[in-house]
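Report on the structure given below.
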Amino acid sequence: DQGGPLSGLPYDRRAERDASAAPAPAPVRTLAEAITLAYRTNPQLLAARGNARATDYRVPQARAAFGLSINATGNYTFTRTRNEVLPGQFLGAQGWASTASLVVSQPLFTFGRNAAASAQAVATSQFQRDSLRVTEAQVLNNVVDVYVSVLRDAEAVTIARQNLAILERQLDDNQRRYEVRDLTLTDLDQTRTRVETARAQLVTAEGQLGVSQASFLQFVGALPGDLAPPDLLDVRFASLDAAYAYAEANSGLIRAASAREKVSRAAIAGARAEFGPRVDLRGSADYGTVSPFNDDLRVTQLVGQAVLTQPIADSGLRDARVREAREANQSDWRLIDSALRSTRQAVGAAWDQIAASRASLSGYRAAIDAAERAYQGAVLQQRAGDRSTLDVLDLARDLLTVRTSYNFALANEYLARASLLAAVGMLEGPMIVPGLEAYDADAHFRRVRGRSDVPLLTPALEALDGITLPNLARERGSRDAGAVQAVDATVPLPPEPTAASGAPPR
């Protein structure tokens, strides 16, 4: 993939040149194609993946603190002195001299400073990877939204065009009847009003279709073709309680909130560690000159030290940092409660929307059949003089209304499915499109995590440094009584609409 969206490999300029020369993708015709293309090329999703990969490198940065640091310096210095030994008499010297030094430092025990920094980096990486899941769900939810919106708005254009054709036929019929004085001018003007309104509605529907097509290109990355009815998104839960339970364990929003709390909890441990001592080994080697004016005579010095450092007083700086970290952690802990509430609300709302939309579809289909029969019968009755022009026009409007309502209910049912899967943590490309190559953010983390480790030394020092710390990987539960409550389903979930029953009438 040359550093592309799926591999997580380093950036490659050749891949960028190849991508810039790639032809535009073909129009999309199925939901699987739309999701696959967006999963591989959506800029928002690719940016989130890059951000997650960048954050992974904070872990080897933090773990590098357990290892050696070696610094070398070299100097070639010109020195000139001029000293007045007696009034008006000066002695001086000048010349060039070279020196070199090598300094080695190895921390042995930092009282948890390095271990807390490592734990914080790991939690930050996990937070970004969980945030990536949230971004992926948002992007794919947008893809489903625009896919269904294009279908819905295209059907709305068809309905508006058919409604206009009905009214134009009615106008032609009424015009002929007016010419033979079978209708009044008022009747004719009523029909003209409805015709012009229908024309305006058609233009509005066509404009909305254009808006949805532009959004389709934005989120999918290709133009919509002749779109097939959407598939793939099944409600995978037998009950709302099962959806709640799955969401609490797998929701990207809840997992991200939990990881964020671990970040600030590790910050508390790091701030507290600053009160303790630290032990470092230091060694230095110096190679210099006896005289600063020439390199004729040399001096060599080797120094080894075990350094114990204990902060004594800092005017309350460390205490203030601990208190700041505690309050930040309290805030992040409450965000877990907020994430639980938000997730339960999203799951419950999507479930009820699915159930209500499905339950309404059969009613709308029956209403469409009845409205069509009523309109056709009213046309015949008008010709016989038993119905007024306004009666016929009102029935035509009823037919338009119920067809439009059916069209929107069908779209809303499918959009609610996507919202449900997004809320519970299942709206991910490989989980809904069979055979789609998955982007594995965890694999990249595992690959770079120990990049700076010194074999044997880093794990040993990390374990030693962590003995003063609490368990920073422990999950914290909710403290909010409201977060564990949930509203029961208000409408029983009907079976999924079939392709035949779910197709809009033509």
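Rule-based calculations on the coordinates, nothing more; no lab input. Computed from a prediction, not measured in an experiment: that's the story for all the values here. All Cβ positions, glycine included, derive from the backbone under ideal geometry; neighbour counts span all protein chains shown.
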* Structure fact -> In nanometres, the difference between 0.36 nm per residue of separation and the alpha-carbon distance of Arg80 and Ser315 is 80.2 nm
* Asked: What spacing in nm lies between the two simple spin-label points modelled at Thr490 and Arg447, each 7 Å away from Cα in the Cβ direction?
  -> 4.9
* **Cα lying deepest toward the dipole's positive end in segment 46-163, options Thr124, Ala137, Gln61, charges on Cβ** => Gln61
* To do: Would you give the gap between the C-alpha center of segment 239-307 and the C-alpha center of segment 432-485, rounded to a whole Å?
  => 16
* Cβ charges +1 (Lys, Arg) and -1 (Asp, Glu), total dipole of the chain, debye -> 1120
* Structure fact -> Final fewest-first order of Val195, Val392 on the 10 Å Cβ neighbour count is Val195, Val392
* **Total charge dipole magnitude, segment 228-358, about the Cα centre, Cβ charges on Lys, Arg, Asp, Glu only, Debye to nearest 20** => 360
* Asked: Alpha carbon centre of segment 149-220 versus segment 50-64: separation in Å?
  -> 58
* So how do Ser315, Ser478 line up by other beta-carbon neighbours within 10 Å, fewest first? -> Ser315, Ser478
* Asked: When Kirkwood radius over Cα pairs in Å is calculated directly from the model, which label among (1) 28.3; (2) 29.5; (3) 26.3 fits?
  -> (2)
* Structure fact -> Listed with the fewest Cβ neighbours within 10 Å leading, Ser291, Ser419 appear as Ser291, Ser419
* Asked: If you bin every alpha carbon distance in segment 150-222 into 5 Å steps from zero, what whole percent lands in each bin?
  -> 3, 17, 18, 15, 12, 10, 8, 6, 4, 3, 2, 1
* Value at 222 nm in deg cm²/dmol, rounded to 500, when DSSP H runs of n ≥ 4 in the chain each add -39,500 (n - 2.57) -> -21000 deg cm²/dmol
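Let me have the relative contact order for segment 258-317, percent, based on Cα pairs under 8 Å that are six or more residues apart.
Relative contact order comes out at 35 percent.
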* Based on the Cβ-Cβ distance from Asp286 to Val454, what FRET efficiency comes out when R0 is 35 Å, to the nearest 0.05? -> 0.85
* Structure fact -> The Rg/Rh figure for segment 244-307, Cα atoms and Kirkwood Rh, to two decimals is 1.53
